[in-house]
Amino acid sequence: MKLDDYLKANSISGADFAKTIGVDAATVFRIRTGRVFPHRRTMQAIIIATGGQVSANDLIYVNDETGDQN
């Protein structure tokens, strides 16, 4: 499950989730929109905070059409 989908499904704001995982809201926004890859610690925090519903594979993926990483 993508982070954006998880947050929407659970009615969690990006700002609230950011506080939960110890980063700023802008970082969560960039991760959930695929603009940046999370650092290892942040990725671990996301996986733990979502109970594994968002996995490492959900956070880093390759666009099948272009081969670009998103």
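Assuming 0.36 nm per residue, please report the length gained on full extension of the stretch F37 to A9 beyond their Cα-Cα distance. Please report the intermediate quantities before stating the final value.
Working: separation 28, 0.36 × 28 = 10.08 nm, distance 2.17 nm.
Stretched out fully, the F37 to A9 stretch lengthens by 7.9 nm.
Taking each pair of different alpha-carbon atoms in segment 1-42 once, compute 1/r for the pair, average those values, and report the inverse of that mean as the Kirkwood hydrodynamic radius in Å to one decimal.
Working: mean 1/r = 0.0978 Å⁻¹.
By the Kirkwood definition, the hydrodynamic radius is 10.2 Å.
Give the carbon-plus-sulfur fraction of the accessible surface of the chain in %, rounded to a whole number; probe 1.4 Å, heavy atoms of protein chains only.
For the chain, the apolar C and S fraction of the accessible surface comes to 47 percent.
Output needed: percent of Cα pairs per 5 Å distance bin for the chain, bins running from 0 to the one holding the longest distance.
Here the calculated profile for the chain is 3, 18, 31, 29, 11, 6, 2.
May I ask for the net charge around D5, where only other residues with Cβ less than 13 Å from the Cβ of D5 are counted and Lys, Arg are +1 while Asp, Glu are -1?
Working: positive: K2, K8, R32; negative: D4, D58.
Summing Lys/Arg as +1 and Asp/Glu as -1 gives +1.
Whole-Hz Karplus ³J(HN,Hα) for segment 9-15, in order, using 6.51 cos²θ - 1.76 cosθ + 1.60 and θ = phi - 60°, x for Gly and Pro?
Using θ = phi - 60°, the values come out as 5, 9, 6, 10, 6, x, 5 Hz.
For the chain, what is the accessible area per residue in Å², given a 1.4 Å probe and the full set of protein chains?
66 Å²
Suppose every K and R has +1 on its Cβ and every D and E has -1 on its Cβ; what is the size of the dipole of the chain about the Cα centre, in Debye to the nearest 20?
Numbers: 8 positive and 8 negative charges, 64 e Å.
Value, rounded to 20: 300 debye.
The values are calculated or read from the model by the stated rules, or taken from the named source; none is laboratory data. Predicted model only: the values in this text are computed from it and were never measured. When we count neighbours, we look across all protein chains shown, and the Cβ atoms used for this are built from the backbone with ideal geometry, even at glycine. The protein model used for the area step is the full one, side chains on, heavy atoms only, and it has no ligands, DNA or RNA in it. Shrake-Rupley method; radii C 1.70, N 1.55, O 1.52, S 1.80 Å.
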